[in-house]
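Read through the structure below, which is laid out as structure tokens, and then see the notes.
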Amino acid sequence: MNPRILVIDDEQPMREMLQRLLEDSQYEVSSARNGEEGLALFDQEPFHLVITDLSMPGMDGIEVLRTLKERGPHVPVILVTAFATIDTAVEAIKAGAYDYITKPFEPDTIEITIKNALAHKQLVDENRQLKQRLDDVEKKSHIIGVSPKMEEVFHLVEKVAPTDATVLIEGESGTGKELIARRLHQQSTRADEAFISINCGALPETLLESELFGYEKGAFTGATTAKEGIFKAAHGGTLFLDEIGEMPLALQVKLLRVLQDKHVLTIGGRKSFPVNVRILSATNKNLKEEVAAGRFREDLYYRINVFTIHLPPLRDRVEDIPHLLNHFIKKYNKEFDKSVATISPELMRFFKDYHWPGNIRELENYVERAILMTEGTHMQLSALPDDIQQVSPVGAGKRREAFLTSAVLSREPRERLEFPDRTSTKSSRNTASRRGGKKPITVEGDVSSTGSGLLFGSSPTGAIRGRGAGRGRKHAARGLSGLPQCPAGKELPSP
């Protein structure tokens, strides 16, 4: 579509001259005799650029410019006038005009100015769209983790994402396998195309086959119309096969053929069609053992497993628990209009020592319930279900040691975590405040035999990764700040 330009001028010869000139340059042009008429047209139709006279009866050009910037701030406006002064030029630029041209002007002058203004608008629009996509990425697939094991995961994602290699994502249920799959897609060259996910264990065999490959009208009883399969829907993009270890052997054969030939034959169809799809798979099973047991095809295993990413269970990355808690508390405070700000030592001890069979999904579930059960700002162990409070921790001492060791080792210049001494809490808080520019976030918790509290800086760096591991940690971490400061310095009991 050719760019649309709105011309506002009270002089008919000027309007007609500009309209002929611009239409000869392949622009679509609408014109108005005054500011009110021009604004009415602007509200009715989309325009890429506006040219308005400065001196007009009724609304003058500056008033029109200001109104246009309120209604369409990203549309460039060019002011033209026969009465140019330095003061009016300065006023026009301050009000948001892209440029200021004096009459009479050469046709080349206005044409060059229009081309530059439209190029500038295109650049602004592209940057705004990119920012929106990045914001969407943060909302849909931000991944929290500062532990060495998660740093390795981020490194592997960064390496393989730009390629078309098939990736097998391994990990227990609730570790975030689909988030990693989405991150791989969003950092790939296919990011602007479809990302389609299907759980291979959630559907019976016949339904899974029809969903994957589609079917023709009359292919089976009840097939009154043809249906497009998700292989075709994902053409050009990414198909995520979650829990692929649950796929029946008969379907594994058909999937293998698609991966080999890059052609799909619908159920009841006679002619295959080409597909260009990147395959990402995930499983909570050991597929090597499944192959050995005859439940998974060895040839398919090697097809989907060009590159492997293993997600550690939460019990092996306890260093990330405080950051996950921070994130979920923020999330559910906002959702439930709560103001939880501190966690009791007993509850923090539970979060660190519990074995988390459900991993992050289970942690989020408990935090959501605890937020609902908490009145006021202090969350306690009693906010959790009674049965879970009685569960004996597994390997608690070893995990607490790992938690503390990681916290101490992370004391780099950017300091992810601090363990302030009880006698110097005030100075530690001031230091954290100076570093982050805000009051620090405090979550009380029993983290060592000395009873030290756990203090989060307002930006616990590295806790959230943005689009691409190469982005600065400082910018990526902003999503974790925002909980209000709470009392710290209280001596906590030994575990």
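None of the figures in this text is laboratory data; all of them are computed from the coordinates on show. As the structure is a prediction and not an experimental result, all values here were calculated from the model. Quick reminder, even Gly has a Cβ in these numbers, built from the backbone with ideal geometry, and neighbours come from all protein chains shown.
Where does each of Met59, Met247 land when they are ranked from fewest to most other beta-carbon atoms within 10 angstrom? Kindly include the intermediate steps, with their values, before the conclusion.
Working: Met59 19, Met247 25.
Ascending number of Cβ neighbours within 10 Å: Met59, Met247.
Can you give me the P(r) profile for region 4-129? Cα pairs, bins 5 angstrom wide beginning at 0, each as a whole percent.
In whole percents, the pair-distance histogram is 2, 11, 23, 27, 22, 11, 3, 1.
Test of understanding: ordering Met150, Met17 by Cβ neighbours within 10 Å, fewest first, what list do you get?
Final ranking by Cβ density, sparse to dense: Met17, Met150.
For a footprinting-style exposure proxy, rank Glu152, Glu375 by other Cβ within 10 Å, fewest first.
The order, fewest Cβ neighbours first, is Glu375, Glu152.
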